[in-house]
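Worksheet for the structure shown next.
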Amino acid sequence: MTSTKKAMSVKGYWIVQASGFIAILSLCASIALAQYPAEYPSKPQISMDGTEILVEDYASLPQSSFTNMLPYPPPFDPAGQFARENALRSEPANAPRSASRIFVVDGNGNLYILDKATRRFTPYIDFGKVFPRFFTNSGYGTGVVSIAFDPDYAKNGKFYTVHTENPKKAPAADPTNAAIPSLILAGYTTTPVVNPPAGEALYESVLVEWTDTNIRNETFEGTAREILRVGFNAFIHQMGDMLFNPLAKPGQSDYGNLYLSLGDGASGETPGPTHPTPQRLDALQGKILRINPDIKLRPKDMLSANGRYRIPSSGSDPNPFVSIAGARPEIFAYGLRNPHRMTWDTVTNMLIADDVGLHSWEEVNIVTKGANYGYGEREGNELLLVDQAGKTGTQLNPPVPFPGRDLLNVAMLSEPVAPLYPVAVYSHMDGDAIGSGFVYRGKLMPRMVGKYFFTDITTGRLFYTDLAEMIASHSERNHQATIHEIQVIYNSPYDTQGAAKHRLYDIVADTFVHKGGVPTTNAKRSTLPRGRSDVRLSVDGDGEIYVLSKSDGMIRKLVSVVTPPPASRNGSSN
């Protein structure tokens with residue numbers, strides 16, 4: 001985008017004014033949002049509005065299986081997922097090969113380079129062969145989780161990864177380069193683990209900085225440096241996504257700052273001493289962090305306790321809790337369960353996180369510096385009562401009344417805090433676990449520009465909502481954007497009916513069986529491993545959206561709008 005930009009503040013959010021966006025702000029002022037009832041629904045609320053999108057097969061990942069405690073790599077299990085692709089990322093546009101390849105993360109161990117012309121996967125880094133304590137499970141975000149490229153990657157070759165380790169697994173945690181001799185490990189040392197303040201830490205998430213000295217080829221040669229190691233009470237909900245502010249330029253306060261999403265490690269849903277962890281400012285778990293891995297960039301900023309990164313603490317945009325005694329200065333936002341995926345919309349300059357709920361509600365949140373998102377005291381628009389089997393207030397008999405003024409007491413803060421609520425939300429009547437989401441800014445589907453796409457992981461349902469409605473909600477309780485389900489059009493290679501309407505779950509299940517998968521008969525939903533399609537979204541450097549489905553190990557692409565949403569058919573535009 002080359003238009004002139006001007007920052008403005010709208011109800012606590014920082015927005016970028018650019019050509020075409022003023023229309024969105026004007027629209028926000030007049031939008032009539034859905035007034036969600038302040039109670040748990042008795043039936044599904046999301047319906048199709050006629051929007052149909054053509055989805056095409058793009059690539060099939062090499063088969064892989066999770067390792068758990070087995071020798072690495074384990075034999076392929078046809079009753080399990082065919083792969084565990086967690087993310088797809090393009091290099092920055094100024095990198096020499098960014099137009100011709102994509103990096104794909106397989107949670108089971110491999111970071112691949114995918115050639116866009118041949119659709120061939122080349123192993124780039126095999127984490128199970130580098131890190132002796134590498135751990136992955138069949139779900140819940142373990143293994144290799146995510147990758148982020150440094151803003152200056154084209155010049156310095158730096159990128160960042162997150163992976164999971166089991167600290168009880170022998171041998172020591174020190175990595176080895178036996179499988180990658182070009183990986184230089186001289187000087188590599190592990191960092192002290194930052195454990196939760198309560199409960200035993202059973203697993204660890206590790207943030208690593210890699211420096212590739214030749215980013216033009218398909219092999220890694222260079223160095224690695226451990227940045228941060230965080231402990232969690234369980235193998236679920238650990239360190240998830242990470243990204244840099246794509247709009248920050250050299251010399252600006254947010255340039256080079258890395259945003260990290262951390263789940264709560266199941267602490268918030270567990271009655272007892274671990275429950276307050278997502279609300280505790282002395283804990284990293286259940287938070288979004290902001291750090292700077294380049295300790296030389298802004299030497300006036302606070303140096304981390306382990307000496308591996310700095311914390312924004314000087315200038316015009318310090319982290320919100322750097323001056324609070326006892327608080328973790330890395331925290332940018334808090335009160336989250338599992339904000340496993342984030343995205344940064346470059347038109348509105350908004351950071352958006354999808355937070356997986358417990359038993360009742362799934363959330364889309366616009367992330368605001370210093371904000372409290374309520375977990376584990378709130379979920380969706382409701383009270384959350386973990387000592388009542390994790391039910392919400394209106395699910396109990398008699399219902400627990402919602403407070404007239406919603407305030408949470410947070411240790412270390414002198415005043416109670418009003419939590420921010422989701423900008424879009426759906427109940428477990430419509431799904432089980434929210435997947436990744438992106439505001440569409442590509443060219444293949446012009447009528448969907450400005451729509452926020454996301455999935456339900458287990459059912460495979462594909463949703464969208466209007467970004468304008470999300471902004472207009474102002475994160476107020478019971479005031480969320482309307483969610484619509486997208487009908488998928490797909491030309492199956494396994495029948496002769498041509499392009500036709502299909503459920504994504506059925507597409508994945510059909511492919512799973514035809515690729516040799518062994519159907520499951522005792523799952524919640526038949527055929528697929530654990531009854532899950534395990535569907536997420538990713539976006540490439542062109543802004544186009546891909547569907548990643550772990551159960552059949554496939555990548556598919558959203559390529560065109562067959563039938564646009566009603567608002568677009570009536571001539572309006574986002």
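Every read-out reported here was derived from the displayed coordinates using simple, explicitly stated rules and does not represent laboratory data. Here the structure is a predicted model, which is why all the values come from computation and not from measurement. With ideal geometry, Cβ positions are generated from the backbone for all residues, glycine too; neighbour counts draw on all protein chains shown.
Structural descriptor for the chain: relative contact order 17 percent, calculated from alpha carbon pairs under 8 angstrom and at least 6 residues apart.
Which of rounded, prolate, oblate describes the chain, given a ≥ b ≥ c as roots of the alpha-carbon gyration tensor eigenvalues and a/c under 1.5 marking rounded, otherwise prolate only if a/b is larger than b/c?
Working: a/c = 1.22, a/b = 1.04, b/c = 1.17.
Cα axes put the chain in the rounded bin.
Here each label is just a point 7 Å from Cα along the line to Cβ, and for Ala172 and Lys249 those points are 4.7 nm apart. Placing a label point 7 Å from the Cα of Leu413 along the Cα-to-Cβ direction, the residues of region 332-353 with a backbone N closer than 11 Å are 333-335. Between the residues Thr368, Val535, Phe244, the greatest Cα displacement towards the positive end of the dipole of the chain, with unit charges on the Cβ of Lys, Arg, Asp and Glu, is found for Phe244. Between Ser100 and Ala179, full extension at 0.36 nm per residue minus the direct alpha carbon distance yields a gain of 25.8 nm.
List Ser47, Ser533 from most exposed to least, where exposure is judged by having the fewest other Cβ atoms within 10 Å.
Sorted ascending by nearby Cβ count, the order is Ser47, Ser533.
Cα gyration tensor of region 462-537, axes a ≥ b ≥ c as square roots of the eigenvalues: rounded (a/c below 1.5), prolate (a/b > b/c) or oblate? Numbers along the way, then the final one.
Numbers: a/c = 4.04, a/b = 1.88, b/c = 2.15.
Oblate shape, in that a/c is at least 1.5 and b/c is the bigger or equal ratio.
If you wrap region 53-102 in the convex hull of its Cα atoms and look at it from every side, the mean projected area works out to 6.0 nm².
Using a simple spin-label model with points 7 Å from Cα along the Cα→Cβ vector, what separation in nm is obtained for Lys116 and Asp495? The two pseudo-label positions are separated by 3.3 nm.
Arrange the following residues from fewest to most other Cβ atoms within 10 Å of their Cβ: Met48, Met448, Met242. List each step's numbers first, then the result.
Details: Met48 12, Met448 25, Met242 22.
Ordered by Cβ neighbours within 10 Å, fewest first: Met48, Met242, Met448.
Using the Cβ-Cβ distance between Thr219 and Lys155 with R0 set to 22 Å, the FRET efficiency from 1/(1 + (r/R0)^6) comes to roughly 0.70.
Suppose R0 equals 56 Å; then what is the FRET efficiency for Asp317 and Ser526 from their Cβ-Cβ distance, rounded to the nearest 0.05? It comes to 0.65.
How large is the dipole of the chain about the Cα centre if only Lys and Arg carry +1 and Asp and Glu carry -1, each at its Cβ, rounded to the nearest 20 debye?
Details: 54 positive and 57 negative charges, 171 e Å.
Taking the Cα centre of the chain as origin, the dipole is about 820 debye.
Cα-based Rg of region 113-158 per 2.2 N^0.38 Å, rounded to two decimals? Mind dumping the intermediate values first?
On the way: Rg = 13.8 Å, N = 46, 2.2 N^0.38 = 9.4 Å.
With N residues counted in region 113-158, Rg over 2.2 N^0.38 Å equals 1.47.
Work out the FRET efficiency for Asn306 and Phe76 from their Cβ-Cβ distance, taking R0 = 45 Å, and round it to the nearest 0.05. Step by step, r from the Cβ atoms, then E = 0.75. Here the Debye sum runs over all C-alpha atoms of region 167-210 as equal scatterers in vacuum, and log10 of I(q)/I(0) at q = 0.18, 0.32 Å⁻¹ comes out as -0.70, -1.36.
Which of the chymotrypsin sites (Phe, Trp or Tyr not before Pro) found in region 439-522 are in a DSSP loop and have at most 10 neighbouring Cβ atoms, other than their own, within 10 Å?
Numbers: sites: Tyr440, Tyr452, Phe453, Phe454, Phe463, Tyr464, Tyr490, Tyr494, Tyr505, Phe512; in loops: Tyr440, Tyr494.
Sparse-neighbourhood loop chymotrypsin sites (Phe, Trp or Tyr not before Pro): Tyr494.
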